Amino acid sequence: MTDRQRADARRNHERILAVAEQEVAVHGAGASLEQIARVAGVGSATVRRHFPTRQALLEAVLWQRIEVLCERAREQAGAADGREALLAWLGDVVTYCVAAKGLATALAFEGDPVQGNSCAAAIEEAAEPLLRRAIADGAVAADVTVVELVTLIVGIVTVTEHHRDPGPAAERLFALTVAGISPVR
């Protein structure tokens, strides 16, 4: 491959990613790959060459948000109260998933057997210390996993995404999940 081809490939990759970010922001995880190719001025095969699956493209689009959530988990790890740190971080995940169309879908995807799901894996790795601390503090049951907590959030965001105001609806369901349905005694 010549230097010119490599430069062209880099430009195509950047252009596809920029267009995909716009399309995902509007249409979520179901954004049309063909539309992305058209707007980026490349063929569908070029999109597939750079991003072999829809999930790979979605993960690339959302990676910056995933990094922010991972950094937030690391910041919360030093908080005085393990339960509050975990809940604050989970609240951030709810907020980000509501705001970023497609993020809940990216986190829900189990991944293929070879490639896995880099978004979910990064979130799981970042949140594990928060969960372990909350468990050690006796604030969370010992058998709870990060995957289960993120799955709850994905479910909450998914069922509220078509509400008139999804943010407060998702926050309410998250609070209900944390508190449970029993009245305060």
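The values are calculated or read from the model by the stated rules, or taken from the named source; none is laboratory data. What you see is a predicted model; the values in this text were computed from it and never measured. Please note: Cβ atoms are built from the backbone with ideal geometry, for glycine as well, and neighbour counts cover all protein chains shown. Calculation scope for accessible area: heavy atoms of the full protein, side chains included, ligands and nucleic acids excluded. Shrake-Rupley method; radii C 1.70, N 1.55, O 1.52, S 1.80 Å.
Here are a few things to note about the model shown:
- Lone qualifier among Pro166, Pro129 - being open to solvent by less than 60 Å² (accessible area, probe 1.4 Å) and either under 14 Å from the mean Cα position of the chain (by Cα) or closer than 21 Å to Lys101 by Cα (or both): Pro166
- In the stretch 52-86, residue surrounded by the most Cβ atoms within 10 Å (Cβ to Cβ) [restricted to those that are of a type in the set (Gly, Ala, Ser) and assigned to a helix (DSSP H, G or I)]: Ala73
- The set of residues from the stretch 10-51 being farther than 26 Å from Tyr96 by Cα and not in a helix (DSSP H, G or I) comprises Gly41, Val42, Gly43.
- Test for Ile36: is it crowded, with 20+ Cβ neighbours inside 10 Å and either within 22 Å of Ala179 (Cβ to Cβ) or more than 13 Å from the chain's Cα centre (by Cα) (or both): yes
- Looking only at the stretch 169-185, and only at residues there that are among the hydrophobic types (A, V, I, L, M, F, W, C) and in a helix (DSSP H, G or I), the one that is least open to solvent (accessible area, probe 1.4 Å): Ala170
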